[in-house]
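Chemist: This structure is in structure tokens; I'll ask about it shortly.
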Amino acid sequence: MSLYFASLNKRGEEDKGMRHLCIVAMSVAVSLSVAFGWGHGAEQPATHCAKPAGLARLGIKVAPPTLTEKDQGGPLWDAALGYQCGNYGAAFREYKKARFYHPEDPRDPLVLLMIADCAMRGLSELRDILPSDLAPDSLYGKQALTWLKDTYGYYASASEGDPFWRYDMRALREFLRLYPDHDQADEVAYALAKEDLMFGKYDPAIFMVRDERALACAREFIRRYEDILHRYPDTALKPKIESDIALFRGYIKSGGPLPNSISNPW
């Protein structure tokens with residue numbers, strides 16, 4: 001049994017066509033077939049969630065960095081323990097600490113991915129315990145929102161008037177800035193295109209309305225995707241990206257008709 005798991009035992013064990021455009025736009029960068037991956041030949045632990053969680057929801061595989069004897073008792077060790085136990089907030093803080101003390105560690109790209117994964121996993125707990133309508137003009141609301149944004153990258157956004165919590169993907173952005181040639185950089189760039197357009201510049205309901213904003217969003221998707229193909233011509237995501245580009249081009253060519261049927265695009 002690996003050192004990593006030995007330590008855990010010791011310390012407590014998308015019919016193609018236009019009618020699907022909205023759904024596709026909402027799920028770009030999402031691969032529901034990607035299960036949470038535990039690499040390095042380790043056995044996969046039992047899970048209580050049938051749906052992908054964390055970065056797996058975006059189609060990005062993650063696994064805790066391989067540990068060595070030298071890591072014992074340090075932040076990477078404690079982060080791995082907290083992650084295995086489902087304490088994602090603690091794991092988030094320990095992975096951040098590891099980067100602070102050892103930014104030169106060759107495992108840094110994986111640590112950044114784990115930080116993003118922990119932030120996304122912990123977000124579900126935040127939705128359960130905090131309201132998303134904290135008044136930003138009140139002292140408590142301003143302090144709470146500022147602390148959550150500065151510490152975890154969480155913020156309350158809104159679509160059609162409904163507020164919901166989001167993660168700003170800052171760790172993924174840092175990953176792409178520092179490691180543009182990493183073998184997972186294409187996955188990260190693909191995921192960020194959807195996050196930036198559908199939850200940043202526009203909103204998740206954009207393709208439910210026939211207007212110029214929807215056409216503009218489609219054009220931006222095409223530009224972002226073509227840039228990914230230019231930077232990563234050998235990406236395994238090429239068939240998926242080319243399919244999405246063709247869909248958006250068809251949408252623009254037709255003048256942006258509404259999908260024929262939308263049951264629940266989310």
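The values are calculated or read from the model by the stated rules, or taken from the named source; none is laboratory data. Keep in mind it's a predicted model, so treat the numbers as computed, not measured. Note that each Cβ is placed from the backbone with ideal geometry, even for glycine, and that neighbours are counted across all protein chains shown.
Chemist: How many of the residues in region 198-213 are in contact with a Leu (Cβ under 6 Å, 6 or more places away or on another chain) and buried (at least 16 other Cβ atoms within 10 Å of the Cβ)?
Modeler: Here the count works out to 1.
Chemist: Another question, if that's okay. So, of the residues in region 130-157 that are of a type in the set (Phe, Trp, Tyr) and within 24 Å of LYS201 (Cα to Cα), which turns out to be surrounded by the fewest Cβ atoms within 10 Å (Cβ to Cβ)?
Modeler: Only one residue fits best here, namely TRP147.
Chemist: Out of the residues in region 110-129 meeting the condition of being surrounded by 11 or more Cβ atoms within 10 Å (Cβ to Cβ) and farther than 23 Å from ARG99 by Cβ, tell me which one is nearest to the chain's Cα centre (by Cα).
Modeler: Top of the filtered list is SER124.
Chemist: OK, next. Right, TYR190: in a helix (DSSP H, G or I) and either of a type outside the set (D, E, K, R) or exposed (fewer than 14 other Cβ atoms within 10 Å of the Cβ) (or both) or not?
Modeler: The answer is yes for TYR190.
Chemist: Enumerate the pairs (first residue in region 100-116 and under 14 Å from GLY54 (Cα atoms); second residue anywhere and modelled with pLDDT of 95 or more and among the polar types (S, T, N, Q)) with beta-carbon separation below 8 Å, excluding pairs fewer than 6 apart on the same chain, so at least 6 apart or on different chains.
Modeler: Between residues of region 100-116 that are under 14 Å from GLY54 (Cα atoms) and residues that are modelled with pLDDT of 95 or more and among the polar types (S, T, N, Q), the close pairs are LEU113/GLN184.
Chemist: Any idea how many residues of region 123-173 are in contact with a Pro (Cβ under 6 Å, 6 or more places away or on another chain) and either part of a loop (DSSP other than H, G, I, E, B) or charged (D, E, K, R) (or both)?
Modeler: Total satisfying the criteria: 3.
Chemist: Let me spell it out: the conditions are (1) over 19 Å from the mean Cα position of the chain (by Cα); (2) at pLDDT 90 or above, and GLY54 meets all of them except one. Which number is the exception?
Modeler: Every listed condition holds for GLY54 apart from (1).
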